[in-house]
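Take a look at the structure below.
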Amino acid sequence: QVQLVESGGGLVQAGESLRLSCAAGGRTFGGYAMGWFRQAPGKEREFAATINWSGSTTYYTDSVKDRFIISRDNAKNTMYLQMNSLKPEDTAVYYCAARRSAVAATTTYEYDYWGQGTQVTVSS
């Protein structure tokens with residue numbers, strides 16, 4: 001069993017940056033691929049970024065590519081999402097997720113563990 005706890009959300013203005021963290025407890029997550037998803041009010045949860053077990057492979061949804069950077073520190077059991085040049089349309093609850101596979105994945109049903117989410121609000 002893996003427990004995931006997100007932190008780092010908040011209220012920022014457009015163009016500013018935030019860094020989200022996802023701390024994993026319960027067991028080492030070094031062999032698991034991880035992902036960030038987000039859910040805006042009235043919308044379905046959507047994929048944002050994913051990273052494989054070693055950090056050597058990453059994928060991003062087009063709307064965040066070149067602005068967001070996903071990374072992980074397996075020694076600290078922590079994953080990060082650096083979000084730059086934030087836009088109002090990035091406003092959402094951001095969730096971290098882990099899957100019992102080393103391979104990165106982009107759909108919600110491929111993930112086995114989820115955090116409770118952290119709110120990110122970007123004002124214009």
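The values are calculated or read from the model by the stated rules, or taken from the named source; none is laboratory data. Model, not experiment: these values are computed from the prediction. As a convention, Cβ positions derive from the backbone with ideal geometry for all residues, glycine included, and neighbour counts pool all protein chains shown. With ligands, DNA and RNA removed, areas are computed over all heavy atoms of the protein, side chains included. Shrake-Rupley method; radii C 1.70, N 1.55, O 1.52, S 1.80 Å.
Numerical summary
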| quantity | calculated |
| --- | --- |
| For the stretch 53-124: rounded, prolate or oblate by the Cα gyration tensor [a/c cutoff 1.5] | prolate |
| Per residue accessible area of the chain, 1.4 Å probe, in Å² | 50 |
| For Gln3, distant residues with modelled amide H under 5 Å away | Gly25, Gly26, Arg27 |
| Cβ-placed point charges (K, R +1; D, E -1), dipole of the chain about Cα centre in debye, nearest 20 | 260 |
| Interchain or long-range residues, amide H under 5 Å from Phe68's placed H | Asn84 |
| Gain upon complete extension [Thr58, Thr108; 0.36 nm per residue less C-alpha separation] | 16.4 nm |
| Label-point separation, Asp73 to Gln3 (7 Å along Cα→Cβ), nm | 2.1 |
| Carbon + sulfur, % of accessible area of the chain - ligands and nucleic acids excluded, 1.4 Å | 46 |
| In the stretch 50-88, trypsin sites (Lys or Arg not before Pro) in a DSSP loop with at most 12 other beta-carbon atoms within 10 Å | Lys65 |
| Amide H contacts under 5 Å for Asp112, placed H, 5+ residues apart | Ala98, Arg99, Arg100 |
